[in-house]
Amino acid sequence: MSLNYIKVLLNKRLFVGCQKTIRITSDKPGKKYDLGDVLTCSTPSNHGHKQSYKWMDSNGVTVSNTSMITLAGEGSFNLTCTITDKRPACSVLRKSVNGHLYGKLIVNLNCYLIKEG
């Protein structure tokens, strides 16, 4: 068995189990996002390998270093989740999600009885 053949086998094994898919899911599935919804960034299975997470806004500012983020604030949002597998041979995965959050209107009506007379 040649040394080059062994190197090829070793290189192939480094990539076994590396993820190629990333998903972003909501705790309240639907077509629109609401304030307070929690988004989770994940891979189908990490086989117990250590991964790090980073959520960034559209300005490139890191807003979370965990797999989950809670949507807050009104207006448009564009968030990108990056998952980095700690194994050197595995790649970095990124996926973005965007939408618009509307504030919830809370109306407090105080009723008073005015007695005439």
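Values in this text are rule-based calculations from the coordinates and carry no lab data. Please read all numbers here as calculations on a predicted model, not as lab measurements. When we count neighbours, we look across all protein chains shown, and the Cβ atoms used for this are built from the backbone with ideal geometry, even at glycine.
Annotations for the structure displayed:
- If only the Cβ of Lys and Arg carry +1 and only the Cβ of Asp and Glu carry -1, the dipole of the range 18-101 around its Cα centre is close to 440 debye.
- Projected label distance in nm at LYS50 and LEU35, using a 7 Å step from Cα toward the beta-carbon: 3.9 nm
- Distance between the 7 Å Cα→Cβ label points at ARG94 and THR21: 2.2 nm.
- Charge dipole of the range 18-101 about the Cα centre (unit charges at C-beta), most positive-ward option of THR80, ILE69, SER52: SER52
- One chain, two ends: ALA72 and THR84. Fully extended at 0.36 nm per residue, the span grows by 1.8 nm beyond their Cα-Cα distance.
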